[in-house]
Every structure is written in structure tokens, then in C-alpha cells.
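Below is one structure, written out as C-alpha cells; the observations come after it.
The values are calculated or read from the model by the stated rules, or taken from the named source; none is laboratory data. The model shown is predicted, which means the values in this text are computed figures rather than measured ones. Cβ coordinates were reconstructed from backbone atoms using ideal geometry, including for glycine residues, and neighbour counts include every protein chain displayed.
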Ligand code: C2E
Ligand code: MG
């Protein structure tokens, strides 16, 4: 609109102004010209008449007057002499009411005036001329206006409006989010608008660069927000997203899944003793191993600190899950060399497993249940896994046939762990713990097959094997001159109840020349609380043989005081789950105190199991429990001719120590070989 107004103002108004100004000046120019012409006509006609009038040529005079009348300015002619009109009389071309002006002039022949010539001039001529001139000017002005406007519009359009339009769209594409998708506008012109366009292009390039930079940083930020920096594994947030996606697929295809909660045991100890950089190194390495122990389709993440998480999106059988859990446990337990130092860090992990759909429908529920299962695994002695739902027959990754074959192929073997008197640092006994060197799975802990052996009737054969191996080892040590104290063998309920147990024991004691007092049978509260009548009889029978009984899990399972008094075991073992809460937990400290007092009052020896730290060792010793067993002193190790604990280790003695042991092993040390 403004441009149109400018065109009107710039082209039309000057034209109209010109017309107006011309009409003002034209009259002043034309009037003298007409007057001059009139004078010329008058004087020419007068001079032409002089001759004919003198000679009296009337016809010629009339012809001259007639020709004067032909002049477009002249509209009347008259000749007078002495005030009288001469023939021919006045002739007129115009009607009398036409505006006219008269001019006269004497007709002179020599020095003598012979007549007076009067000419009437048409007075409309000036207006007519003015009109004609104005019309012509108007036409010119219109043509000039049209041409001017056309040129102006063309110039405006090509040189101003179109470039401005391009600039506008260029600027608006800069303002829009999709500006990078729009094609680049090329500017060849060198004027201001061209420069402006080129500046916009530069601005676009700059914005493009900034956007790319921003996208790069955003992607990095997203990665940082989704990925654990230390291990490069998905963090909780990303893991959850991946889980939700896998859950949707599992729901559609009705596939079961398994969620594993993997918690490193005593990781704090590594941080406290070797420092956080070593702890980080260990976590990084474990992250890699976890990935390596899983299938490509499994998802592994780090929840926080020493907690990892894994999703098995396609885990149909509990057996397959157990295989994976064991693979993970073994992968984690392999010692990790500490960069630049002759040290190897070793750690174990406890795993809890919850399965979809039976253990929960969503991430939070499954995670909670896996966490609970993990705590059970920890309470059961760490370095193992537990399913959220227990007592599932398929939990053991073995078949009955396999177990029988294992016995036949001598795949079952014993590891031994000493009981240390912390006042002297000497071993006062040894516990025999069975292992299965599985051909595919590697070394399996008893939790993986004892239960199954009970169910499939192999337990007696297994017990026989454990008792036989333990007694044989004790006999060897004794023969080699190492006094290892008593040898404790764990018995499950099935073995304890087996009718041939007394006969078997008598046979073994005799065969290996072992004092009955040197053999201890470790029984769980559960075993001793069931079927009191039979249990009493069996306990009496064994006691009569001189074999000592040990109650294994005091502090975590309930046994009535009267029953304890009745059964009167030679020893009670404070359960590892209770020891694990020392020294911080006041209630655990109080319970330990009570157990020690009770044992003392009943003249029962008390032993603590699962001692992993010096603080636990010292707390227990302060409570009066000096016989202790646990990773702090030694992990269960395979049999050897000379027991590793034949010479006491400084960590065994309950006084302030400088040397650190436990989860840290020197590469050169044979003592710390893990099970
Ligand atoms: P248990 O009698 O309570 O045995 C102690 C368990 O604690 C062992 O686990 C041992 O490796 C572990 N342990 C020892 N010190 C520490 C420690 O400082 N920290 C932690 N976290 N754990 C420690 P393992 O060898 O897996 O044995 C598990 C259970 O299997 C035993 O519990 C026992 O009840 C049973 N068992 C072991 N051997 C036999 C066997 O020959 N026959 C039968 N029937 N049961 C056995
Ligand atoms: Mg035991």
C-alpha cells in the first residue's frame, strides 16, 4: 500500500502539477503570439490592398478581403473611408454573437491614406489553443505517468520488492526451527540488499554451526544422562527404558524374562584399603566381565556404587538363569590385577533373581523382589545367587543322572576352611565344604546341588563322600605331623536321618584311625528341630560314639533354650548373617553377647563364622568369642599335604594389626587362593 501511495505521489502528482503550472504560463505566452499574428495579418492585408484601392480595382479588393477572411483568426472584414464603409460591405465569417475583437489600420498608398481596414478577430482562438495545448499536455502526462509508473513498478518489484521478499523468507527460515532444512539463498547482487542477504547467509552458517555444536553437546549430555561414566554401561534411567521396551515385547510374545540384581560383596573394603581409584578400576573391570558373561541380547547396567543389574529378556527356564548367574559369579570372582602394583583384587558377588511374569509385572516390583532375593543370597554366605521364589525344583542346574555321574566320576571334591583361635592365631579346627567340579559349569558351591541331592535320594552317597574325604584328609595331615584340631563335616537332614549313618561313621573312624572326638558333625537348627523323638535318639547314639555335634546357624534360626539344653551340642556356630551386621548394628552386638553368655553358661564352645573384617574379629573377641572362621583368615581352599593355616597368619590374632588381608591378595601368595 505504501509503495502504491509512493508511486501515486511520485508519478501522478508531478504530472498533475505540471498540467496546472502549464495552464498558468501558457496564456501569458500564447496571448502575445496571437496579438502579433493579428498585427501581421492586418498589416499584410492593408499593404496588399493599397495598390488595388489606388487603381480602383474593386474586384481585386474584394478578392483580397475574401482571402483575408480565409485566415482562421479572422472572422470579419470591413473597409472604411471617411467613416463610410466601402464596397464590398463588411463581410463576416463568424456569427455576430461570437466573441470578437476589432483591429483597424489605414491603407496607405504612398503618403496618402486611402481607406481604413478593419478586421474582426475570433476571440475564442485563445481558449481553443489553450484547450488543445492542455489536452495534448494531458495526453503526454498520462503517457509519461503510465510509463513512469510501469518503470517504477518494474524497478521496485525487481530491485526492491522481490529481494525484500527473499530476505523476509530467509530471515523467517532463520527464525524457524527447521532453518537448516531450507535451501541456502544465493545472493549475486552487490547492493545493500545483496549485502544484507549475504549477512543473513553468514548468520545462517553461524546458527547452523551453533545448532550442530548444540546437537553434539545435547547428544553428549543425553549419553552422560543415560550411561554410567565409569563402566560405560547403561545407568538406571537407560536400563529402565530398555527394560520397558523389552517388557512390551515380552508381553506381546508372552516370553518370560529374568531380572538380576548383582551386588558386590564387601566392596567398601576395597575402597577403604586400596583407595577409590583401585575401587573404580575394579568396577570398570567387573562391568566388562559382566558384559562378557552375558549373551548379546541381555542388557547389563549399573544401578549405583557396587550394584549392577542385568535383564535376560528371553529366559525360559530357571536352569538357564542359574547358569548365567553362576557364570557371572565366577567372572566376578576371578582376581583383577591392580595396575602398576603386584596386587590382585578379588571380590565376590551376591545375586538376586526375580522373574517376569511370576515375580512381578513391572520394573519396580521385579527390582524390589530381585533385591530381596539378593539379600537372601548374601545372608546365605555371599558369593551365590538366590531366586525370589525359593524351593523351585528346577533351581538346581543339574539332573539326577548328572549328580550320580558326578559321584561316579569323582567330580565332587572337598575344600577346607580353618577355625582360628584369635588369642593365639592357631588353627583349632577345620570345616570341610563340598564342591562339585562340574564339567561345563565349573566349580559349583553346595547350595547348587545339596538340595537336589536330598530330593533325588543321592544325599546319602554325597554325605558318604564328604565324610570319607574329610576323614581321609584329616588322617593325611595327622600322618604328616600337622595337628589341625577337629574336622567338621556338614550333614543335611537326610544324611543325619539316614539309618546307616552310625555304621558309616564307625567304619570311617576305624578306617582312618581317627579319634571320635576329632570328628564334628555340623547340623542346622532346622535339622535338629524336626522329629524330636528320632533326633533325640540319633543325638544320643552319636554322642555315645564320642562324635561331637555342632549347631551351625545360631543367631539366624530359632531354637528354644530348653531344646538347646536337651541336645547340648559340643559347639555352636554364630551364623555368618549375624556376624555380617557387626560391628555397627547394636542389636547384632547384643545378640552375639547373649549367645556367648548362654554358651558359656551351658559350657558349650562358641565359634563365629563368616568373619571378613578385622572389626568383626575384634568385636567378636571382645564379646568373648575367640574361635572364629571366615575369609579374613582364609577362604575355603582345596586340600593340600600341608594345611595353609599350619603356620598362623598375623591377621588371625585379635590385636591391632598393620597387615591387611581378606579380599586383597598378593599375586605371589598361595594362601589367598579363592574357592
Ligand atoms: P555353612 O556350614 O554355614 O558353611 C559356611 C559357608 O560360609 C561356606 O559356604 C563357606 O564358604 C562360607 N564362608 C566361610 N567364610 C566366609 C566368610 O568369611 N564370608 C562369607 N560370606 N562366607 C563364608 P559354602 O561352602 O558355599 O557352603 C554352604 C553351605 O553348604 C554350608 O553352610 C553347609 O550348610 C553346606 N555344605 C557344605 N558342604 C557340605 C557337605 O559336604 N555336605 C552337606 N550336607 N552340606 C554341606
Ligand atoms: Mg557348617
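Structure notes:
- Matching residues in region 529-571 - criterion: being closer than 22 Å to residue 377 by Cα and within 12 Å of ligand 2 (Cβ to nearest atom): 551, 552, 553, 554
- Complete set of residues in region 49-62 that are surrounded by 13 or more Cβ atoms within 10 Å (Cβ to Cβ) and more than 22 Å from residue 101 (Cα to Cα): 50, 51, 52, 53, 54, 57, 58, 60, 61
Here's the yes/no breakdown for (1) at pLDDT below 95; (2) within 16 Å of ligand 2 (Cβ to nearest atom); (3) within 48 Å of the chain's Cα centre (by Cα):
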| position | (1), (2), (3) |
| --- | --- |
| 603 | yes, no, no |
| 614 | yes, no, yes |
| 617 | no, no, yes |
| 629 | no, yes, yes |
| 635 | yes, yes, yes |
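- Any hit, region 270-283, residues being touching a strand residue (DSSP E or B) at 6+ places or on another chain (Cβ under 8 Å), buried (at least 23 other Cβ atoms within 10 Å of the Cβ) and closer than 22 Å to residue 387 by Cα: no
- Neighbours by Cβ (under 8 Å, 6+ apart or cross-chain): first from region 482-500, in contact (Cβ under 8 Å) with a residue 24 or more places away in the chain and assigned by TED's automatic domain parsing to the domain that holds residue 645; second assigned to a loop (DSSP other than H, G, I, E, B) and away from ligand 1 (no atom under 12 Å from the Cβ): 482/642; 482/643; 484/643; 487/514; 493/530; 497/531
- Verdict on residue 576 being more than 11 Å from ligand 1 (Cβ to nearest atom), surrounded by 13 or more Cβ atoms within 10 Å (Cβ to Cβ) and closer than 17 Å to residue 627 by Cα: no
- Of the criteria (1) closer than 30 Å to residue 308 by Cα; (2) surrounded by 13 or more Cβ atoms within 10 Å (Cβ to Cβ); (3) touching a residue at least 12 places away in the same chain (Cβ under 8 Å), which one residue 244 fails: (2)
- Close pairs (6 angstrom Cβ cut-off, 6 or more residues apart or separate chains): touching a residue at least 12 places away in the same chain (Cβ under 8 Å) in region 444-457, surrounded by fewer than 21 Cβ atoms within 10 Å (Cβ to Cβ) and outside any loop (DSSP other than H, G, I, E, B) anywhere: 444/438; 454/494; 456/400
- In region 429-468, residue nearest to residue 633 (Cα to Cα) [restricted to those that are within 15 Å of ligand 2 (Cβ to nearest atom) and more than 54 Å from the chain's Cα centre (by Cα)]: 429
Listed here are the residues, each with its yes/no results for (1) in the same structural domain as residue 27 (by TED's automatic domain parsing); (2) on the phi < 0 side of the Ramachandran plot; (3) modelled with pLDDT under 90.
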| residue | (1), (2), (3) |
| --- | --- |
| 43 | yes, yes, no |
| 59 | yes, yes, yes |
| 68 | yes, yes, yes |
| 95 | yes, yes, yes |
| 106 | yes, yes, no |
| 110 | yes, no, yes |
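- Looking only at residues in region 371-401 that are crowded, with 20+ Cβ neighbours inside 10 Å and in a helix (DSSP H, G or I), the one that is modelled with the lowest pLDDT is 395.
- Unique residue being buried (at least 20 other Cβ atoms within 10 Å of the Cβ), closer than 23 Å to residue 467 by Cβ and within 15 Å of ligand 1 (Cβ to nearest atom) when the list is 620, 549: 549
- Identity of the residue in region 407-455, crowded, with 16+ Cβ neighbours inside 10 Å and in a loop (DSSP other than H, G, I, E, B), that ends up nearest to ligand 1 (Cβ to nearest atom): 445
- Given (1) part of a loop (DSSP other than H, G, I, E, B); (2) in contact with a strand residue (DSSP E or B) (Cβ under 6 Å, 6 or more places away or on another chain), number of the condition residue 242 does not satisfy: (1)
- Scanning region 339-367 for residues being within 30 Å of residue 279 (Cβ to Cβ) and outside any loop (DSSP other than H, G, I, E, B) gives a total of 14.
- Search result, residues across region 469-492 that are within 14 Å of ligand 2 (Cβ to nearest atom) and either surrounded by fewer than 18 Cβ atoms within 10 Å (Cβ to Cβ) or at pLDDT 90 or above (or both): 470, 486, 487, 488, 489, 490, 491
The rows are residues; the columns are (1) under 29 Å from residue 241 (Cβ atoms); (2) within 21 Å of the chain's Cα centre (by Cα); (3) at pLDDT below 85.
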position	(1), (2), (3)
289	yes, no, no
302	yes, yes, no
307	yes, yes, no
335	no, no, yes
340	no, no, yes
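- For region 515-528, taking the residues that are surrounded by fewer than 20 Cβ atoms within 10 Å (Cβ to Cβ) and farther than 30 Å from residue 589 by Cβ, the one that is farthest from ligand 2 (Cβ to nearest atom) is identified as 515.
- Conditions (1) within 16 Å of ligand 1 (Cβ to nearest atom); (2) within 28 Å of residue 420 (Cα to Cα); (3) modelled with pLDDT of 90 or more; number of the one not met by residue 501: (2)
- Residue that is farthest from residue 279 (Cα to Cα), among those in region 207-231 that are in contact with a strand residue (DSSP E or B) (Cβ under 7 Å, 6 or more places away or on another chain) and in contact (Cβ under 8 Å) with a residue 24 or more places away in the chain: 228
- Qualifying positions in region 329-350 - out of contact with any helix residue (DSSP H, G or I) (no Cβ under 7 Å at 6 or more places or on another chain), over 25 Å from residue 376 (Cα atoms) and surrounded by 13 or more Cβ atoms within 10 Å (Cβ to Cβ): 337, 343, 344
- Sole exception among (1) away from ligand 2 (no atom under 14 Å from the Cβ); (2) surrounded by 13 or more Cβ atoms within 10 Å (Cβ to Cβ); (3) within 57 Å of the chain's Cα centre (by Cα) for residue 586, by number: (2)
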